[in-house]
Structure formats: C-alpha cells, structure tokens
Amino acid sequence: MLQSLPTALYTAEQVRELDRIAIQERAIPGIKLMKRAGRAVFHEINHRWPGAPVTVFCGAGNNGGDGYIVAALAAERQLPVQLIQLASPDKLTGDAHTAYEYALSVGVPMTPFTDCLELQVGVIVDAMLGTGLVSAGLGGQVREPYAQAIRLINHSGLPVVAADIPSGLCSNTGAVAGVAVEASLTVTFIGLKQGLFTAKGPALSGEIVYCDLSVPSDVFDGVQPSAIRLHCEDLAENLPARHRDAHKGDFGHVMVIGGDLGFGGAAAMAGEAALRTGAGLVSVVTRPEHVTAILTRRPELMVKGVSSGQELASFLDGGGSMPTVLVIGPGLGRTPWSEQMLQQALASELPMVLDADALNILSQGRLVAPPNRTKWIITPHPGEAARLLGMTTPEVQADRFVAVRLLQQKFNCSALLKGAGSLVCCPTDSSSTTGKTADDSVVGLCDAGSPGMATAGMGDVLSGILGGLLAQGLSSDVALSLGVCLHAKAGEMAASGDERGVLATDLFQPLRKLLNGHVGE
C-alpha cells in the first residue's frame, strides 16, 4: 500500500479535477475510489497500531465518507471501533451516504459529537473536513462543532491519523483556519496537496503517506502541477565534473560583502560556506576591525577591510582578482557604510546573491536597483519578504506560494522564500512556446531540513552555498534549487536526530559529503 511520494504537488482544485477525470472520463465509480482511500488509511492503522481501538471523527463530505469506510473495515475485523458524527446522516449525499450505509450495515456504533466525549485509548482518525475547507465558505475559521472536535482530538494525547489532510489545514497554502488537527500520520490520496509541505503543514501533518488509489497514470497528464518537490539527487547532476588539470580559476571567485561592526561572523560563515561548496577563490569585504579575526578563523579566505564604498569600488573595477559572483547581505547592517557597500555592489551588475540586510535596505527604497536583475538570487525569510512586498508577515505566511511568485515578478530574478517548506520561483523561459507566464509558473518546494536549523547563521551559510554554486557556472535557477536542497539536507545530517545545539558551521562537513557524490546517503 505504501508508495513513495511523487514529485508533483497540487492545489485542492487540481486534485478535484484529477478526481473528476478518474470518475467521469475513466469511468471509475466514486465509491470505489472512496473504498480504496478507506482501505489505505485502515492499512496504515493496522500496520502501525495492530489491534488498537479506533475512533473515527466523520464530517459531512467525501472526507467523512472515507472515515465511514475506515470504521466499517475496523468493525469487519472485529476491532473495537466508535464513529463520532459531526454531521447528521441526513446531510450525507452521494458516495458519502453510500459509505455511511455500508458502515451501518456492519454494525459500526455511531454517536453524534458532544464536547463531553472522552478519548482515552486507541487511535483517532480525522475524517472531518479534508480539502473541502478551501471552498467551504468558512470565512477563514473552522466553525463549531468542528473546532471543538479538533481541540478535543489535540488534547487527547492519542495518535491521530488524518485522512487526506488534517482538518483545519488549508490544502493550498498550509495556513491554519483558526485551529487544525495535529496529526501523527497523514494518508493523502491521488495528488499530493501542496499545503502539506509548507507553512504549518509540516508541523501538523506528521509523517505523510501517499496512495494514488490506483488511478491510471494518464489521468495526471491532463493537470499541470502547481508546484514540484525538489530532489537533491537530480539537481546535483548539474554540478560540473572536475578535470585532472583543473585549477582554482576554473571555479570562480566569490566576493562576500558584509560584516558591519559586531557582525563579522556572518560574513565569515558565508565565505567559508562558498569555499566548502567548491568555489575556487573566496574573498570577504568587511569592516577593517574584523579582518584579523576572520583570517584567524579561516586563512584560506582573502579578507579585505574597507571603510567606504569608494574603497570597495576599486576591488570591483578590476583591481586585483576580479570577482565573478557577489554575495551581499550577511551581517551587512543598515548603517551608511552598509548602504555604500550595497550601492557599489548593485552598480557592478555582477551576478549576485542578496540576503538579510541587503534586502532590508532595498525594501526602504533609497537605492535604485539596476533594470537587469535576471542574474540575481534573493533569499528572504517571511519578515524580509513582507518588507519587500509591502505586506505583513502574517499575510506572507497566509499564502507563501503567492508571496514567492510576487517576489519573483517584482524583481524579475530567482526568488527564495525561506521557512518550513522553502519555496523557489525563477524567471520563466522567454523563449518557451508553452505560453507560461510568471503568474502560473511552477514553484519548487524543498521539504528537507530539520528544526535544529532554527539557529543563528544558517541563512549566512545558505548565501555562501549559493554563491559557490554560481561561481562554478550553474545558472541562477539551478543554483538556487540545488543550494536550498544541499543546505537543508546538510542540516538534517548535522542534526542527526539531535535537534538542539546545532551550529550553522556544523553543516560544512556534511555539505562536503553531499557535494562529492553522497547525496543519497
């Protein structure tokens, strides 16, 4: 029953279209798909918690119908089972009503929901709202009695299996409609819902198991995914091979610009990350006060202390070894010195990664960006994205897919929106004959990573990784997608199950392993 997770991600509307094609154009009865869904959920319960009592919470729609099937299968196996109805049976229609009659025929005990219900043992199945929340007209909040049922489930302390998607979680955005089920396991059907993998989705979905319900593969040909899961192994194939006569000049020169007073460590970490990613040369331009400390930390870096934009300009205009890529932002600050550094970097029109305070300065509108920004990579977290877009952070998080597309369109460059389920959106190919525009471009999603990465310096390391990949000749879109995945997987390896106390610099050794053919390990 267990299947590997597909690459394609879909909105709820797209999954409903896949469902329609399967039923109407491939003549698969809806109740047959519902029974397959119920069997998929019951299989996982029986495999993980054999013999455990089962309590199923059922809503009024097809998601509730899946729950009735699960309860019926448990009763047929003579397992202790109870079904809690959030909607009266007379509100059930179509396949959901057929599933109700099936459960009734095999003797499933059914009880209307009450807030006095006690949940003490066994496994809970959430089959209340499903993807219907997107279009149920709930005004952004889960209504009663569903909200009370969700709170009861979450406070039970029992394992929870969500059918298709945790109730209260938006399928399209990963945002929560006031309150949502905290699932231990989510068994999702036909198409992966993009909201499971970003924003609050990863925290609420638990382990995600996929079942295509044996829908013919050609059904999926008719619906273009709204997003794709990024695969590090595939992206790593874009790394150029190193010939036996290679020299450092073959792999580019990254210049990291940052490290205002008190923030020299950020620039140092970005520089070392670029080295660890394989750049041939890496220089760090920072405040003169930080030069000695950075050289002591990593003597392989070339460190230049500058006090003004004019001094930086001499390094960008051909003096010494010309950089091929700039990384600006780590520890940059927001002082006049910071603005001078960014102004000179923008004037160079070199390929560049812009992070942290470089983005914050841009959002203030005092510096004019050059018209050609196609060689940029911007890497905001939600707060920085909000400032760039003139929105609030909650507005960004309410629909991260819309936000990353807006970032890409506004700056016409490769854009990353960091966070759980980081999102990548890159310029569409102007030569494409498909008619695709930035509005319907497919977003890349990285579902790797670890909560242990929630610590200072991780963004600086990511910026250095991206600069190192650009220096080796990767295009900005490939460099961004690969860099995000490498960073996330290195974070997983550094944490290795121990999520407290991970340092940003702990990523360097696993990063090196990943870059040298150990991506799948």
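The values are calculated or read from the model by the stated rules, or taken from the named source; none is laboratory data. Not measured: the values here are computed from a predicted model. Note that each Cβ is placed from the backbone with ideal geometry, even for glycine, and that neighbours are counted across all protein chains shown. Side chains are part of the model used for accessible areas, which takes the heavy atoms of the whole protein and leaves out ligands, DNA and RNA. Shrake-Rupley method; radii C 1.70, N 1.55, O 1.52, S 1.80 Å.
Summary table below
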| item | result |
| --- | --- |
| Subset tally (residues that are closer than 30 Å to LEU301 by Cβ, in contact (Cβ under 8 Å) with a residue 40 or more places away in the chain and not in a helix (DSSP H, G or I)) for the range 201-260 | 12 |
| LYS436 open to solvent by 20 Å² or more (accessible area, probe 1.4 Å) and at pLDDT below 95 | yes |
| Failed condition for ALA267, given (1) assigned to a helix (DSSP H, G or I); (2) open to solvent by 70 Å² or more (accessible area, probe 1.4 Å) | (2) |
| First in the range 300-316 and within 14 Å of SER348 (Cβ to Cβ) and touching a residue at least 60 places away in the same chain (Cβ under 8 Å), second anywhere and among the charged types (D, E, K, R) and buried (at least 17 other Cβ atoms within 10 Å of the Cβ), Cβ under 7 Å, 6 or more apart | PHE315/LYS304 |
| Residue that is surrounded by the fewest Cβ atoms within 10 Å (Cβ to Cβ), among those in the range 445-478 that are within 17 Å of the chain's Cα centre (by Cα) and part of a helix (DSSP H, G or I) | PRO451 |
| Selected residue [touching a residue at least 60 places away in the same chain (Cβ under 8 Å), on the phi < 0 side of the Ramachandran plot and of a type in the set (Gly, Ala, Ser)] from GLY174, GLY191 | GLY191 |
| One residue from THR111, THR11, THR7 being closer than 20 Å to ILE208 by Cβ, modelled with pLDDT of 95 or more and surrounded by fewer than 21 Cβ atoms within 10 Å (Cβ to Cβ) | THR7 |
| Those residues of the range 10-66 which are outside any loop (DSSP other than H, G, I, E, B), among the hydroxyl-bearing types (Ser, Thr, Tyr) and within 28 Å of the chain's Cα centre (by Cα), in sequence order | TYR10 |
| Residue in the range 48-71 that is on the phi < 0 side of the Ramachandran plot and free of Cβ contacts under 8 Å to residues at least 12 places away in the same chain present | yes |
| Qualifying residue in the range 336-343 (condition: open to solvent by 10 Å² or more (accessible area, probe 1.4 Å) and either part of a loop (DSSP other than H, G, I, E, B) or among the β-branched types (Val, Ile, Thr) (or both)) | no |
| Condition met for TYR102 (among the aromatic types (Phe, Trp, Tyr), within 23 Å of VAL15 (Cβ to Cβ) and either modelled with pLDDT of 95 or more or open to solvent by less than 50 Å² (accessible area, probe 1.4 Å) (or both)) | no |
| Of all residues making up the range 343-376, the number that are farther than 19 Å from LEU416 by Cα and in contact (Cβ under 8 Å) with a residue 40 or more places away in the chain | 1 |
| Residue list for the range 155-169, filter: out of contact with any Lys or Arg (no Cβ under 6 Å at 6 or more places or on another chain), crowded, with 24+ Cβ neighbours inside 10 Å, outside any strand (DSSP E or B) and not hydroxyl-bearing (Ser, Thr, Tyr) | ASP164, PRO166, GLY168 |
| Given (1) surrounded by fewer than 22 Cβ atoms within 10 Å (Cβ to Cβ); (2) farther than 10 Å from THR55 by Cα, index of the condition GLN82 fails | (2) |
| Total residues in the range 170-200, condition part of a loop (DSSP other than H, G, I, E, B) and either open to solvent by less than 10 Å² (accessible area, probe 1.4 Å) or not basic (Lys, Arg) (or both) | 18 |
| ASP90 modelled with pLDDT under 95 and in contact with a helix residue (DSSP H, G or I) (Cβ under 6 Å, 6 or more places away or on another chain) | no |
| Any hit, the range 279-293, residues being among the charged types (D, E, K, R) and either closer than 30 Å to LYS32 by Cα or in a loop (DSSP other than H, G, I, E, B) (or both) | yes |
| From the options ASP66, ASP126, residue that is in contact with a Pro (Cβ under 7 Å, 6 or more places away or on another chain), within 18 Å of VAL15 (Cβ to Cβ) and surrounded by 15 or more Cβ atoms within 10 Å (Cβ to Cβ) | ASP126 |
| Test set (1) at pLDDT 95 or above; (2) at negative phi; (3) touching a strand residue (DSSP E or B) at 6+ places or on another chain (Cβ under 8 Å) - GLY329 fails condition number | (2) |
| Selection count, the range 148-193, where residues are in contact with a helix residue (DSSP H, G or I) (Cβ under 8 Å, 6 or more places away or on another chain), polar (S, T, N, Q) and within 26 Å of LYS35 (Cβ to Cβ) | 4 |
| From the options THR324, THR374, residue that is at pLDDT below 95 and of a type in the set (Ser, Thr, Tyr) | THR374 |
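Residue-by-condition table, conditions (1) modelled with pLDDT of 95 or more; (2) more than 21 Å from LEU507 (Cβ to Cβ); (3) touching a strand residue (DSSP E or B) at 6+ places or on another chain (Cβ under 7 Å):
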site: GLU237; (1), (2), (3): no, yes, no
site: ALA241; (1), (2), (3): no, yes, no
site: MET255; (1), (2), (3): yes, yes, yes
site: VAL282; (1), (2), (3): yes, no, yes
site: GLU289; (1), (2), (3): yes, yes, no
site: GLU300; (1), (2), (3): yes, no, no
site: SER308; (1), (2), (3): yes, yes, no
site: ASP317; (1), (2), (3): no, yes, no
